[in-house]
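Note sheet for the following structure.
The values are calculated or read from the model by the stated rules, or taken from the named source; none is laboratory data. From a predicted model like this one, the values you see are computed outputs, not experimental measurements. Counting neighbours? That spans all protein chains shown, and the Cβs are built from the backbone with ideal geometry, glycine included. Side chains are part of the model used for accessible areas, which takes the heavy atoms of the whole protein and leaves out ligands, DNA and RNA. Shrake-Rupley method; radii C 1.70, N 1.55, O 1.52, S 1.80 Å.
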Amino acid sequence: MSQKEVVDIRIMRSKKAISETFITLLNERDFKTISITEIVNKAGVNRGTFYKHYAYKEDILTEIQDHFLEHLTIMLNDNYQGICYSKLKTEPLSDALFIFISERRNFFHLAIHSVGFLNFQLHFSAVLKQFLINNFFLTAQYSLKSQNLLGAYIANGIYGYLVEWDEMNYASSTIEIAQQLTDIFVLDRSVFKLPLSDLVIEND
C-alpha cells in the first residue's frame, strides 16, 4: 500500500468518525448546543484534524447532505430512467425511491427536522425536479409553457409525500406507498372520487 493510500484511509476514517459523532449528537439534542470541541472529543480526533477538513460544523452536514443527494441522483437514474407516463395505469411506479428513503430513514428524519441541514427541501426537490424534466416529462403530454414550474410543483409534492410518510413512521410498505403515488400521478378516480353534489353547479 502506498503512502498516499495510507493517508487517504486515515482521512476517510477521521471524517467518518467526525460525521458519525455529529449525527449521533444531533439525534440527542439541538444543533446550536453542539460545539466543535465536543464533536472532536467524542470522535477521538484533535481540532487540527477537524480544521483540515472543515471550517465550521455546518460544513459536516453539507458534506453528508451532498453525499446523500449524489446517491439519490444515481438511484433515480438507475431505477426510473425508462419510465413512461402513459403506462402508469398498468405499470405502477417502482418502489426504489421509497426503499432508498426507508433505508436512510434516520438521516431523512434528521434532515427534515434539524436546522443544521440548511435548505434540505430545496436541494432534495431540485434533484427530483431536474430528473423529471430530463426524463419523465419526455413521455408526458403537458401543455404548460414552463416545465420548470411543473417540475417544481411535482418535486415538492413528492418531498411532502415522503415527509408525511416519515411522520407516519413508515407505517405503509414501500410497495403500498409507491402505488398510492402512482394513483395520484394518473388521477385515479377511485382515489379522487368526489360526491355528485360537488360536481353539480346549482342554478340560482
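Of all residue pairs spaced 6 or more apart or on separate chains, those with beta-carbon atoms under 7 Å, a first member in the range 45-59 that is within 22 Å of T33 (Cβ to Cβ) and open to solvent by 50 Å² or more (accessible area, probe 1.4 Å) and a second member that is part of a loop (DSSP other than H, G, I, E, B) and among the small types (G, A, S) are E58/G116.
Consider K16 carefully, then state whether it is surrounded by 15 or more Cβ atoms within 10 Å (Cβ to Cβ) and either free of Cβ contacts under 8 Å to residues at least 40 places away in the same chain or of a type in the set (S, T, N, Q) (or both). Taking the combined requirement at face value, the residue does not satisfy it.
Scanning the range 69-91 for residues that are open to solvent by 60 Å² or more (accessible area, probe 1.4 Å), within 24 Å of A111 (Cα to Cα) and either touching a helix residue (DSSP H, G or I) at 6+ places or on another chain (Cβ under 6 Å) or without any contact (Cβ under 8 Å) to a residue 12 or more places away in the chain (or both) yields a total of 3. Checked against (1) at pLDDT 85 or above; (2) assigned to a helix (DSSP H, G or I); (3) farther than 20 Å from P92 by Cα, S197 passes all but a single condition, namely (1). Determine, yes or no, whether S173 is closer than 28 Å to C84 by Cβ, modelled with pLDDT of 90 or more and surrounded by fewer than 16 Cβ atoms within 10 Å (Cβ to Cβ). Criteria met by S173. Among all positions in the range 116-133, there is no residue which is touching a Phe, Trp or Tyr at 6+ places or on another chain (Cβ under 6 Å), among the β-branched types (V, I, T) and either in a helix (DSSP H, G or I) or open to solvent by less than 20 Å² (accessible area, probe 1.4 Å) (or both).
As for the range 144-165, it holds at least one residue that is closer than 24 Å to L25 by Cβ and in a helix (DSSP H, G or I). Can you confirm whether the range 105-112 contains a residue that is open to solvent by 20 Å² or more (accessible area, probe 1.4 Å), closer than 24 Å to M12 by Cβ and modelled with pLDDT of 85 or more? Yes, some residue in the range 105-112 is open to solvent by 20 Å² or more (accessible area, probe 1.4 Å), closer than 24 Å to M12 by Cβ and modelled with pLDDT of 85 or more.
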